[in-house]
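Visitor: Have a look at this one.
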Amino acid sequence: MAEESSPPVADAPVSVGASAPSSTRRALLVLSVVYLALLLVQLGARSTEVPWTVDNGIKWLLAAHGEDGLRGSLPYEGRDLDPSLRFLPIGRPFATNVDGRFVAQYPPAFSLLARPFLWLFGDLGAFIVPILGALLSAWGAMRLAARWSPRAGPWAYLFAGPLGPLAWYGTTFWEHTLVAACVIWAVCAWVERPNAAWRPALLLSLATWLREETLIVVAVILVTALIRRQSRRLGSIAGFVAVYLAASALFLLWQWWTTGAVFGIHVSGNLHGSLLDLFADGRIGVIRGLLWSGDEGSSEAGDLVLTLIAMVLAGVVVRRPPGRLRSLGVAAETGLIGGIALVCIFALNHEYDMPMTLIRTAGLFFFAPWVLMIPALGRRDTDPILWAGPLALLVFLVVTPSVTAFGFHWGPRILLTLIPLLAAGAALALQRLTVGTSGKLPRIGVGFLAFACLTLQVFGSSLQARVTHGALDHLVRIRSFLAAAESEDIATNAGIRGSAGGATATADATPASSAATLGETVPLVTHQWWYASTFAPLLTEVPVYSVRNKVDLKSWIDLFREAGGRRFVWATAARRDDILRGLGVRVVRSESLEGYPRSYRHRLLEVEVLPGPEH
């Protein structure tokens, strides 16, 4: 496994590109074909009709059914009954009422970018941009690593691709892969052509339009550029800053035009509590959650010890002279990292509700354990740009708000922008570790590392498939329940008209008014905050309303009754119907929606609105 030991210095030639060796180009082609095939298999295994979680559902709604053009408002079928937008189906912090518009907290750039693909290719079109982002991220990592070691290039591709968490996001309607691609290609562009800083500035501006936290990465990249040879080209640095600030100013103006706030709803809502609790107890929990696990338990000390051993071992082994001891050290290092990947699978495989363990178990060291080899880069002649990823990681640990550190994510979602940069560093670290090794043990260790990381990502793909198909099963049953309720409502209205026999004009006024005001669909009402965005297609099929408590529900029922409504569907996680008592309604029928995942289990109740005293 002996490899070239040339250190990654700034003046090394580019190894992947137009002048790349034919063997490197062949490796890139083979890896890309295999990776694309894996992504397509992963896409075929999951359901494309439902989102993975709340954020994806809102972004999908913006892309597929967004209103107001570039302003990106969400659709609201219940506006006729609720013109004041009091009972919006998605509430804060995910969406809100801005001057009579139903506005999501997220910048609509990604949804607008994906919209043409959705129009052209339907549900499958939603995944074209994420898949392209995944492929470009892996290619960019390979390009950066191969600048100093062509043999490290393929490993960088694997770490940023099928052996890392970005592969999972390649088939999720999220902008993370595209942002990661913009960042890594911006770094490649700046390293290769330092005098053309406007190119990385534009790429990083696009990344910031897609995800605001990219600003942290931009600052770190700028610092590393000042440290390396670009420090002698102040004109290039000034050009970068000017182009980036100009493009960012356009973004801020767009935020103001879209949401009425210069920094947008997303930033304004998430910044609170980040720097303010820097020295509070919550900061330790954020760091633990981003790197290891958010759960405090007996395994916490063990997780910390395993990862510290792996990092220290990487730094020690790389300093050993070639020989048997170094070979044993490499085998131990790679075997330990592979074992950590398998520990992650074990930690996620919770017997009660496996997907929900992702909320508290999403640490970088679990989902991308190969980053633990990066300490092997600790030489003075290492190009500063390779430390941009680790340095940005440290900044994220300090400033990330707790609200974004945890969630129903695969891996540390807030850190995904750094994955290609970290992958390039890890690949070069692996190349340095294996210099001067011999025998089968190092090869077995490296093979086990690759196998374990791939197994982890396959586990994630199967989890994505199970969750989305489970959500689709719930959606199908919800639609069926709504259809049955609508049929009964039509039959009831027909019975009213028949019994009235047209005796007076007033007798037919209520049903006619109801049809004109409410349409012909039975609305759905829920108090579950996640419901509407998780089953996002419902929002374009029937009026969906959200209430916070019994007072809200009573106000909505009074509004519905006044408009002539007779039936609605109540979606609740409660086993009892106490909230409906005293509201002038009766339950006609109910159905329990079981299945997978358990967190989606709830009850549907068909509710008839009884006439009020004035009727």
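Visitor: Sort 406-412, 30-36, 420-426, 364-370 for me by packing, meaning the mean count of neighbouring Cβ atoms within 10 Å per residue, highest on top.
Guide: 420-426, 364-370, 406-412, 30-36
Visitor: From a point 7 Å beyond the Cα of N97 in the direction of its Cβ, which residues of segment 57-71 have a backbone N at a distance under 19 Å?
Guide: Zone members listed by number: 67-68.
Visitor: Need one value: the accessible area of D80 in square angstrom, 1.4 angstrom probe, rounded to the nearest 10.
Guide: Probe radius 1.4 Å; accessible area of D80 about 120 Å².
Visitor: Ignoring ligands, DNA and RNA, what percent of the 1.4 Å accessible area of segment 360-456 is carbon and sulfur?
Guide: 70 percent
Visitor: With the crude spin-label approximation of a point 7 Å out along Cα→Cβ, what separation in nm comes out for L40 versus A238?
Guide: Placing both labels 7 Å along Cα→Cβ, they lie 5.1 nm apart.
Visitor: Solvent-accessible area per residue for segment 312-376 at a 1.4 Å probe radius, Å²?
Guide: 38 Å²
Visitor: Round to the nearest 10 and report in Å² the accessible area of R26, as given by a 1.4 Å probe over the protein chains' heavy atoms.
Guide: 140 Å²
Visitor: Taking the alpha-carbon centroid of each part, what is the distance from segment 469-489 to segment 97-133 in angstrom?
Guide: So the separation of the two Cα centres works out to 26 Å.
Visitor: Let me ask something additional. Determine how large the accessible area of S590 is when every protein chain is in place; take a 1.4 Å probe and give Å² rounded to the nearest 10.
Guide: 70 Å²
Visitor: Can I ask one more? First select every other residue whose beta carbon is under 15 angstrom from the beta carbon of F251; then total the charges, Lys and Arg +1, Asp and Glu -1.
Guide: -1
Visitor: What accessible area per residue, rounded to a whole number of Å², is obtained for segment 77-168 using a probe radius of 1.4 Å?
Guide: Dividing the accessible area of segment 77-168 by its residue count gives 34 Å².
The values are calculated or read from the model by the stated rules, or taken from the named source; none is laboratory data. Note that the structure is a prediction, hence the values are computed from the model and not measured. Virtual Cβ from ideal backbone geometry, glycine too; neighbours counted across all protein chains shown. Just the protein is used for accessible areas: all its heavy atoms, side chains included, with ligands, DNA and RNA removed. Shrake-Rupley method; radii C 1.70, N 1.55, O 1.52, S 1.80 Å.
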